[in-house]
Each structure stands twice: as C-alpha cells, then as structure tokens.
1. Go through the range 243-264 and count every residue that is assigned to a strand (DSSP E or B) and over 17 Å from S231 (Cα atoms).
2. Which of (1) under 20 Å from the mean Cα position of the chain (by Cα); (2) at pLDDT 90 or above; (3) among the hydrophobic types (A, V, I, L, M, F, W, C) does A126 not meet, given it meets every other one?
3. Scan the range 161-180 residue by residue and report those that are out of contact with any Leu (no Cβ under 8 Å at 6 or more places or on another chain) and either modelled with pLDDT of 85 or more or closer than 28 Å to A235 by Cα (or both).
4. Restricting attention to the range 375-388, report how many residues are surrounded by 14 or more Cβ atoms within 10 Å (Cβ to Cβ) and within 13 Å of Q350 (Cα to Cα).
5. Taking only the range 139-160 into account, find how many residues are modelled with pLDDT of 95 or more and either at positive phi or of a type in the set (S, T, Y) (or both).
6. From (1) surrounded by fewer than 17 Cβ atoms within 10 Å (Cβ to Cβ); (2) under 29 Å from P296 (Cβ atoms), pick out the condition that doesn't hold for A75.
7. Among the residues of the range 1-58, write down those that are modelled with pLDDT of 80 or more, surrounded by 13 or more Cβ atoms within 10 Å (Cβ to Cβ) and of a type in the set (S, T, Y).
Amino acid sequence: MVVEHADHSRVVVDRGGRGYVQRPYSFHGHEYAGRSYYYGGHYYHAYYGRYYYRGVWVNPYYPSFYYGPAFYGWAYNPWANPVAFGWGWAGNPWFGFYGAFYTPWPVYAGPAFWLTDYLIAQQLQAAYAAQAAAAAALSNPAPLTPDVKQLIADEVKRQIALENAEASGAQQNAEPNNASSSIQRDLTDGVQHVYIAGADLDVVDAGGNECAISQGDAVQLAGNNAPDATSVNMAVLASKGGKECPKGDTVSVGIQDVQEMKNSMRQTIDQGMQDLQKKQGTGGLPAAPASAQGAPQEAPVAIAAPPPPPDSEVSAQLNGESKAADQAVQEAAADAGATPAEPPTVALGQTPDQVIAALGQPKSIMDLGAKKIYVYKDEKITFRDGKVADIQ
C-alpha cells in the first residue's frame, strides 16, 4: 500500500508489515527524499534523489558515504585464488526452507561472487521472515542456477563500478547525476540488466495472465521496450514456483518498480560491502590492500544534505496505515460479497415523490397544467393528474 501526499511525502507498507516513511527535503535547489525504514525492531535511514523520467517520478538511491577508489578496485577485481567461506546458515529455518531454490557457491573467485550470495541471502531471509507464519513448502521452484547467479554477479560488478564513478564525482563536489545513477542508465545502455526482487509484485505476463514476483526472485530486462514506455518487459530467470510467474515468462513491470529493484540491490550491496570490509582478512577471506583498509570516506556535504534521523513515529505510521489498508480490503471484500441492490424502478401510476425517490431530482420540469414532464438524462417521465402516465 502506498499513500502519497501533496508535499511529496509517502508512506509505503508491504504485505509483511514492513515499509518506510519518505519525506522530501531540499539542498542546493534540488529535491531529495529521506526514507526512514522500520524492520526487525530497528530503524535505519537512507536518502534518494527525485527524478522525472518517462512521465513518472523515480527515486534513485544514493549511498550515505563512499569508499576510496582502492577499496572499490579490490571489491571489483577477482582474488588471486578462490576462497572458501563459512556463512553459518546451516540450521537456520530460512536456509532449509529455500534449499530447493538457492545454493551458495562452495568457493568464491572474488568479492562480487561473495556479495552475490550476501545479496540473495539477505532477500530470502527477509522474505521468509515476512511470511514465516504462513510458510508452506515450495511448489516446483525454478532455482537460482549457477548461470543465473553468474548474471547476478556480473550485475553486482556493474553496481560497484557505478558507485565508484559516483564517488569520483563526490570528491569533486559534483551534484549527483540522476541520469547515470537512476533506472535511465539501465534502460538505455544496451545491457540486459539483472535484478533480485526486493519486494513482492503482482504483474501481468505477455498473455495477459496475472502472476507474482516475490522477494528473492531473479528477473532480467528484456528487449522490445518503447523508448517512452512507463513499463518494461522483464524475463523471469528464477522463481519459487506455486502462484509465481514461471521461469522463462515475460512480464510487464512499471519503471518505478524497476527503480525500486535497483535501489534494493544497491542498498543491500552497500550493506554487504560494509560487512566485507569488516571481515576482510578473517574467516578465509583475503585481506584488502593497505590502501583499501581505511574507513569509508564520507560523501562531501555538497552532494546532499544529511537527511533527518529516523524517529519513533515511523513504526506508528506504518502500523496505522497497515491497519487502514486491512480495513479497506475487508470492506471491499464485504461489498463484493453483498447482495446487489435492486435497480431503481419507475412504473405507471407512481407519484412524483416515488419517482424522485428512485431517480433523484430531474434536470428540468415541464409544467403543462394537468400534465407535467420530468426530464432526466436518459428518459422523460410524463404525469397526468399526479400519476405516471408515460415513460420514454
């Protein structure tokens, strides 16, 4: 559920009760958006641009800080030798539940592959937590095969390179380039970008059939998209089965939803890079070079004003909107199941009061003494001596 306000603020609540409150703020004549998220009993904050593209507003994600170029280079390039890493997921309910859908790599040829498993695992853990109470065994899943995971790893490397380019601009106090950092780049650079869904979506396939994409599924941009379309074709690469869109299906997804997929990936990759920096040199992971081991460099203030910190009202707003949505759904379901009301009936012999009770006030009345004509949009009612005598 999405609630939009005139001041560009927004409240978004997902099916699992997760969501965020977005508020606009201005800096250097540009509008940005700060989002306060509430998940797992914790608040966190992120900021975004605001960009008008193909007739709709999108909010591209921007990191709150950047690393030095040496760390991005280390995260982008392969390691000298593949390494094994123990995630410690065995025994976790989500890992067993998605066992037929997802298998981590046994060894990692470089950071991009490690970050790919981090990205997938984070989305699947969140998906499991959101529906754990109603979890049922997966039905005919189309798993994340090694070739699909390779496509995701390639996309992770593209996102690392993009953030490195943004960091270079930040060092020169340049304003964020929305055309480069938003979905516009992905739709115009000739690359069939791959995304891990960060939220559940109801979509329509090429045959007009409704199906679902859920958090953790893999989709890829497909061709044949009009240059001004507000939705794009995407091919399903991996899905969890059941009511979900099957592998190989082509579905239509709005570019705002595609932007949010990209945002979710970038945010999760950023979280993974923070974790990777902390763990480098331990647990079998190679150590980063000395020039890449420093703390992340803060983005210069000229890039964006720091958004206001999250506050305790976020949880209350999300709960309130979620309850309002539940009530609206219940009322709609009740209305759908209710017995249809009898259509208004006008019959010969009725009085003017009975006709007005059925059809409302007429547009005009022609008073001809003993004869009166009530004129409605689609009909004329003729009265003689106070009774309906003719209906046209």
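The values are calculated or read from the model by the stated rules, or taken from the named source; none is laboratory data. Predicted model only: the values in this text are computed from it and were never measured. Here the Cβ is made from the backbone with ideal geometry for all residues, glycine too, and neighbour counts use every protein chain on show.
1. So the first thing to find is which residues in the range 243-264 are assigned to a strand (DSSP E or B), and the list is 244, 250-254.
Within this subset, residues satisfying the condition of being over 17 Å from S231 (Cα atoms) are 244.
Adding up the residues that qualify gives 1.
2. (2)
3. Quick first cut of the range 161-180, residues out of contact with any Leu (no Cβ under 8 Å at 6 or more places or on another chain) only: 161-179.
Once the filter is applied, which keeps residues that are out of contact with any Leu (no Cβ under 8 Å at 6 or more places or on another chain) and either modelled with pLDDT of 85 or more or closer than 28 Å to A235 by Cα (or both), the range 161-180 yields A161, L162, E163, N164, A165, E166, A167, S168, N177, N178, A179.
4. Result for the range 375-388: 4.
5. Number satisfying all stated conditions: 1.
6. (1)
7. Result: S9, Y20, Y25, Y32, S36, Y37, Y47, Y48, Y51, Y53.
Yes/no per residue for (1) touching a helix residue (DSSP H, G or I) at 6+ places or on another chain (Cβ under 9 Å); (2) modelled with pLDDT of 65 or more:
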{"site": "A305", "(1), (2)": "no, no"}
{"site": "V346", "(1), (2)": "yes, yes"}
{"site": "Q350", "(1), (2)": "yes, yes"}
{"site": "G360", "(1), (2)": "no, yes"}
{"site": "D390", "(1), (2)": "no, yes"}
